[in-house]
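The structure appears below as structure tokens.
The values are calculated or read from the model by the stated rules, or taken from the named source; none is laboratory data. Every value quoted in this text rests on a predicted model; they were computed, and no experiment measured them. In this analysis, Cβ positions are derived from the backbone assuming ideal geometry, glycine residues included, and neighbour counts consider all displayed protein chains.
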Amino acid sequence: MHLRVLGSAAGGGFPQWNCNCPNCDGLRLGRIQARARTQSSIAVSANGQDWLLINASPDVLAQIRETPALQPARAVRDSGIAAVLLMDAQIDHVTGLLMLREHQGPLRLLATREVLSDIGQGFPVTRILSHYCGVQIHEIASDASTFFAPGLPELPMQAVALCSKPPPYSPFRGAPRPGDNIGLVLHNPTTGARAFYAPGLGEITPELQEIMAGCDLVLVDGTFWSADEMQAMGLSRKSAADMGHLPQSGPGGMLEHLQRLPAGTRKLLIHINNTNPILVEDSPERALLDSLGIEVAHDGMDLQF
């Protein structure tokens, strides 16, 4: 099973266009050892030709340019993207759908009822696309039942509801619903291997810990290093929890949960905010991750499971 990291940064990318934090300023001026990143998205394929795009970031056109497998190859107008699945309705995960408006025929779109309600009303992406290529909607449940994306019969998946928050524009921002944000379990039916993907994750329950422990590859929320990261820099009054993210450090943080996974589980962080010190490759925080066997995803990374 092929998994390609198209983008590995949180909203705004890295460096963020209007940010002069030490990371963004340091990368622009060449003062830090780090690499630029686009906004988070992955693509998965069983055969290397037909791909499921998971989240459509505003950077999707640049990501397609960097990924030959997603480019046209079989017809004058064509794409290796067979379908698109949305993990949530965040701006940095759905805006790229508008960039795919020239798609030949309706775009196959998979999402939960809750996500579809937000992108049909609060940010009416699906209504906008109805005036262009159109959208073929496939509603998915977040109850861990197995489903398949149209055109991808060799890729069984399960969606599980996560504790996080819908986007700020959602009327349910202050009252999250199951299905506003999902984690995705991807299965390789040939080998039995499984991968878990969750770029937005506010809490890890015992049930979710068990799901992660049963996977060979875990690719999870790496947004913030500390709970008060944005507050300490004077960039926001909100904590990581206020934004629906579990920080890596501190009691009950992501690192504690990842260390509880089996030794053979490959562990990666994705959706990394531009302020996070793990972006700096020779930082103490990055050294700690290395010592724990936890990787930091980067654009263009190819993973097999």
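Checking the structure you have, find out if any residue of segment 152-160 is more than 21 Å from the chain's Cα centre (by Cα) and closer than 25 Å to GLN209 by Cβ. I'd like the intermediate steps shown before the answer.
Taking segment 152-160 and keeping what is more than 21 Å from the chain's Cα centre (by Cα), we get 153-154.
From what's left, closer than 25 Å to GLN209 by Cβ: none.
Scanning segment 152-160 turns up no residue that is more than 21 Å from the chain's Cα centre (by Cα) and closer than 25 Å to GLN209 by Cβ.
Specify the residue that is surrounded by the fewest Cβ atoms within 10 Å (Cβ to Cβ); the eligible residues are those in segment 213-238 that are among the small types (Gly, Ala, Ser) and free of Cβ contacts under 8 Å to residues at least 40 places away in the same chain. First the steps, then the outcome.
So in segment 213-238, the residues among the small types (Gly, Ala, Ser) come out as 213-214, 222, 226-227, 232, 234, 236.
Applying the additional criterion that residues be free of Cβ contacts under 8 Å to residues at least 40 places away in the same chain yields 214, 226-227, 232, 234, 236.
On the way: GLY214: 13, SER226: 19, ALA227: 21, ALA232: 11, GLY234: 8, SER236: 14.
Checked segment 213-238; the qualifying residue surrounded by the fewest Cβ atoms within 10 Å (Cβ to Cβ) is GLY234.
For the condition at pLDDT below 95, under 19 Å from the mean Cα position of the chain (by Cα) and closer than 23 Å to MET157 by Cα, what is the one hit in GLY179, GLY202, GLY222? Talk me through it step by step, then tell me what you get.
Details: GLY179 fails: at pLDDT below 95; GLY222 fails: at pLDDT below 95.
Selected residue: GLY202, the only one of GLY179, GLY202, GLY222 that is at pLDDT below 95, under 19 Å from the mean Cα position of the chain (by Cα) and closer than 23 Å to MET157 by Cα.
Restricted to segment 1-26, and to residues that are in contact (Cβ under 8 Å) with a residue 60 or more places away in the chain and part of a helix (DSSP H, G or I), which residue is farthest from THR95 (Cα to Cα)? So that I can check it myself, show each step before the final result.
If we filter segment 1-26 for residues that are in contact (Cβ under 8 Å) with a residue 60 or more places away in the chain, which is where we start, we get 1-16, 19, 21, 23-24, 26.
From what is left, the residues that are part of a helix (DSSP H, G or I) are 23-24, 26.
On the way: ASN23: 25, CYS24: 23, GLY26: 28 Å.
Only one residue fits best here, namely GLY26.
Going by the structure shown, is SER57 at pLDDT 95 or above, touching a strand residue (DSSP E or B) at 6+ places or on another chain (Cβ under 6 Å), over 26 Å from ARG127 (Cβ atoms) and not hydrophobic (A, V, I, L, M, F, W, C)? So that I can check it myself, show each step before the final result.
Details: at pLDDT 95 or above: yes; touching a strand residue (DSSP E or B) at 6+ places or on another chain (Cβ under 6 Å): yes; over 26 Å from ARG127 (Cβ atoms): no; not hydrophobic (A, V, I, L, M, F, W, C): yes.
Judged against the criteria, SER57 is not a match.
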